[in-house]
Amino acid sequence: DTGVSQDPRHKITKRGQNVTFRCDPISEHNRLYWYRQTLGQGPEFLTYFQNEAQLEKSRLLSDRFSAERPKGSFSTLEIQRTEQGDSAMYLCASSLGTGSEETQYFGPGTRLLVL
Amino acid sequence: QQQVKQSPQSLIVQKGGISIINCAYENTAFDYFPWYQQFPGKGPALLIAIRPDVSEKKEGRFTISFNKSAKQFSLHIMDSQPGDSATYFCAASIDSGGSNYKLTFGKGTLLTVNP
């Protein structure tokens, strides 16, 4: 399967714990996005990487959130000191970034539940 | 500020009928309008997309109609099938000028096609 993969698919944690999610984009896609989706809502943009550079962060991304994309390949999203309001589906998407082809391909998401 | 407004929130149609979902946007800088389909437990998948230089785009049973002056666009699903039952999201992005192409999504429409 050459699509976007995310790990884990589900995560249950207690309030105050740290969690880390991983996203593996489609090979050779240089753009990578993280979105958050809560129940009954559309995905909301969190942050964006072009290769290894994090070029934009949403105001939704508090200082408890950090994302990395070392070497421009996979990406990780870490949430420190989780709160119940962090419970959501975290989606990763990637695109080729040629300018004429910017279709974003989404992974299956990581569903986070903070107790 | 909700930049992309989607309606209806839910829609029930009979097999063979036409499903119509509407979206309106506010930011006139948006120049790329995709529709995504999402099944439970899965990430969104691109269905069809349009740019504002055309008023209509058709792919199989799916058609996007675009009205630039009204800042509205809609998805028509002809001959709706039970397998089309899913949540549909309209989205918009600024697809030129070196922006990050982040997607702004509507809140989604839950489509149910009865057999």
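What number of residues in region B:39-58 are touching a residue at least 24 places away in the same chain (Cβ under 8 Å) and outside any loop (DSSP other than H, G, I, E, B)?
Final tally of qualifying residues: 2.
Does residue A:62 count as among the hydroxyl-bearing types (Ser, Thr, Tyr) and without any contact (Cβ under 8 Å) to a residue 60 or more places away in the chain?
yes
Would you check if residue A:108 is within 12 Å of the chain's Cα centre (by Cα), of a type outside the set (A, V, I, L, M, F, W, C) and farther than 23 Å from residue B:33 by Cβ?
Considered against the rule, which asks whether it is within 12 Å of the chain's Cα centre (by Cα), of a type outside the set (A, V, I, L, M, F, W, C) and farther than 23 Å from residue B:33 by Cβ, residue A:108 comes out as yes.
Would you be able to tell me the number of residues in region B:71-106 that are at pLDDT 95 or above, within 14 Å of chain A (Cβ to nearest Cβ) and part of a loop (DSSP other than H, G, I, E, B)?
Of the residues in that region, 1 qualify.
Go through (1) open to solvent by 60 Å² or more (accessible area, probe 1.4 Å); (2) polar (S, T, N, Q); (3) part of a loop (DSSP other than H, G, I, E, B) one by one and return the number of the condition residue B:22 breaks.
Residue B:22 satisfies every listed condition except (3).
Which condition number in (1) of a type outside the set (Asp, Glu); (2) at pLDDT 95 or above; (3) more than 11 Å from the chain's Cα centre (by Cα) is the one that residue B:21 fails?
(3)
Please verify whether residue A:102 is under 23 Å from residue B:4 (Cβ atoms) and either within 9 Å of chain B (Cβ to nearest Cβ) or open to solvent by less than 70 Å² (accessible area, probe 1.4 Å) (or both), treating the condition exactly as stated.
For residue A:102, the condition - under 23 Å from residue B:4 (Cβ atoms) and either within 9 Å of chain B (Cβ to nearest Cβ) or open to solvent by less than 70 Å² (accessible area, probe 1.4 Å) (or both) - is met.
Let me spell it out: the conditions are (1) open to solvent by less than 70 Å² (accessible area, probe 1.4 Å); (2) in a loop (DSSP other than H, G, I, E, B); (3) of a type outside the set (Val, Ile, Thr), and residue B:36 meets all of them except one. Which number is the exception?
(2)
Which residues, counting only those in region A:47-71, are part of a strand (DSSP E or B) and within 17 Å of residue A:83 (Cα to Cα)?
Hits for region A:47-71 are A:65, A:66.
The values are calculated or read from the model by the stated rules, or taken from the named source; none is laboratory data. Here the structure is a predicted model, which is why all the values come from computation and not from measurement. Don't worry about glycine lacking a Cβ; one is built from the backbone with ideal geometry, like all the others, and counts go over all protein chains shown. The accessibility values were calculated without ligands, DNA or RNA, using every heavy atom of the protein model including side chains. Shrake-Rupley method; radii C 1.70, N 1.55, O 1.52, S 1.80 Å.
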